[in-house]
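Single-structure report; data block below.
Nothing in this text is a laboratory measurement; each read-out follows from the coordinates by a stated rule. Keep in mind that this is a model prediction, so the values were computed, not measured. In this analysis, Cβ positions are derived from the backbone assuming ideal geometry, glycine residues included, and neighbour counts consider all displayed protein chains.
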Amino acid sequence: MPIYKSYSPNSSTIIKVWKIKESYNELISSISLSKLTLEKLKNTNSESKRCEILSVRHLIIALGYSDNDLYYNKLGKPILKGIKNISITHSKLFSAVIISDFKVSIDVENIRDKIINISEKFIDYEYSYLADLNFEKERLTFIWSIKECIYKISEQKLPYIFKEKCIVLPFSKNDDSVVSWLNFKGLITCFNSYLYSFEGYKLVYLINEN
């Protein structure tokens with residue numbers, strides 16, 4: 001079982017990362033799937049996307065649950081039966097799942113040149129400390145993932161990707177955490193994001209213990 005990494009940020013939170021090395025047939029042959037997942041696979045044309053879906057289900061099982069324990073609310077957010085909170089992410093080579101007694105979110109992204117071209121969609125204040133964007137792909141990827149995690153964890157319906165409503169404070173690409181602020185509808189919320197790097201990918205997670 002290719003569990004690539006496991007993290008335990010606290011006694012109530014577990015993160016597992018899967019490196020997708022298997023073919024679709026290998027992934028689907030060794031797992032029991034819910035009707036919901038089978039329908040999702042049927043409606044997914046890309047084999048790589050189907051592998052991402054299946055790798056997440058393997059992670060769910062590795063965390064001690066079954067695919068039947070996972071479902072989605074009307075906003076598309078994943079829910080795990082029982083008291084645990086869950087967040088899911090996948091991006092080509094890697095998928096990751098975080099479960100916790102607290103509200104959580106997670107995002108994994110591969111570093112791509114495209115992030116420079118779309119930076120104006122999610123960067124505002126952050127331009128003040130970024131250098132030439134051609135040399136900032138790592139921090140840009142982190143900023144994207146931080147804002148994606150805030151979007152996922154928020155109970156409010158946020159304007160995606162809310163570049164002017166959320167700011168990420170200055171940080172180094174070697175930092176393991178960073179502070180960000182969300183200012184939305186008169187409510188200011190502070191978040192601590194935790195940062196990891198591996199094999200050209202960036203992983204970010206949030207834990208809201210309030």
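Got a sec? How would Asp176, Asp124 order by Cβ neighbour count within 10 Å, fewest to most? Kindly include the intermediate steps, with their values, before the conclusion.
Numbers: Asp176 11, Asp124 14.
Starting with the residue having the fewest Cβ neighbours, the order is Asp176, Asp124.
When the helix-only estimate is applied to the chain (DSSP H runs of n ≥ 4, each -39,500 (n - 2.57), divided by the residue count), what is the mean residue ellipticity at 222 nm, nearest 500 deg cm²/dmol? Walk me through the intermediate numbers first.
Numbers: 5 runs with 51 residues, N = 210.
Computed ellipticity for the chain at 222 nm equals -7000 deg cm²/dmol.
Percent relative contact order of the chain, based on C-alpha pairs within less than 8 angstrom and at least six residues apart?
Numbers: 365 pairs, mean separation 35.0, N = 210.
Taking the mean separation of contacting Cα pairs over the length of the chain, I get 17 percent.
Per residue of the stretch 31-44, in order, report the coupling 6.51 cos²θ - 1.76 cosθ + 1.60 (Karplus, θ = phi - 60°) as ³J(HN,Hα) in whole Hz, putting x for Gly and Pro.
8, 9, 10, 6, 4, 4, 5, 4, 5, 5, 5, 4, 8, 9
From the phi of every residue in the stretch 169-183, what ³J(HN,Hα) in whole Hz does the Karplus formula 6.51 cos²θ - 1.76 cosθ + 1.60 yield, where θ is phi - 60° and glycine or proline is x?
3J(HN,Hα) across the stretch 169-183, in whole Hz: 5, x, 7, 9, 5, 9, 5, 9, 7, 8, 9, 9, 10, 10, 10.
Can you pull the one-decimal nm distance between simple spin-label points at Leu41 and Lys92, each 7 Å off the Cα toward Cβ?
Between Leu41 and Lys92, the simple spin-label model gives 2.4 nm.
Could you state the number of Å between the C-alpha centres of the stretch 75-154 and the stretch 1-74?
19 Å
Can you give the angle from 0 to 90° between the axis of helix 47-62 and the longest principal axis of the chain, with both taken from C-alpha atoms, to the nearest 10?
Compared with the principal axis, the helix lies near 80 degrees.
How much net charge surrounds Asp69 when only the other residues with a Cβ under 10 Å from the Cβ of Asp69 are counted, with Lys and Arg +1 and Asp and Glu -1? Could the numbers behind the result be given before it?
Numbers: positive: Lys81, Lys84; negative: Asp67.
Combined, the nearby Lys, Arg, Asp and Glu give +1.
If packing is taken as the average number of other Cβ atoms within 10 Å across a peptide's residues, how do 135-142, 192-199 rank, most packed first?
Values: 135-142: 20.2, 192-199: 16.5.
Top to bottom by mean Cβ count within 10 Å: 135-142, 192-199.
Report the net charge of residues surrounding Ile188, where surrounding means a beta-carbon distance below 15 angstrom and charges are Lys +1, Arg +1, Asp -1, Glu -1. Each step should come with its number before you reach the end.
Working: positive: Lys165, Lys185; negative: Glu164.
Residues close to Ile188 contribute a combined charge of +1.
I want to verify a result. In a Gaussian network model of the chain, Cα cutoff 10 Å, which of these has the top mean-square fluctuation: Ser11, Ser32, Ser95?
Of the options given, Ser11 has the highest mean-square fluctuation.
Running a GNM on the chain with Cα contacts under 10 Å, which residue among Lys21, Lys114, Lys74 ends up with the highest mean-square fluctuation?
Of Lys21, Lys114, Lys74, the most mobile in the Gaussian network model is Lys74.
What distance in nm separates the two pseudo spin-label positions at Gln156 and Ser172, each 7 Å out from Cα along the beta-carbon direction?
Here the answer is 3.4 nm between the modelled labels.
I need the phi-derived Karplus couplings for the stretch 121-134: 6.51 cos²θ - 1.76 cosθ + 1.60, θ = phi - 60°, integer Hz, Gly and Pro marked x.
These are the phi-based 3J(HN,Hα) values: 7, 9, 10, 9, 3, 4, 4, 5, 10, 7, 8, 4, 4, 4 Hz.
Let me spell out the model: positive unit charges on the Cβ of Lys and Arg, negative unit charges on the Cβ of Asp and Glu, origin at the Cα centre of the chain. What dipole size does that give, in debye rounded to 20? Present the calculation step by step, with values, prior to reporting the outcome.
Numbers: 29 positive and 24 negative charges, 132 e Å.
Using Cβ point charges on Lys, Arg, Asp and Glu, the chain gives about 640 debye.
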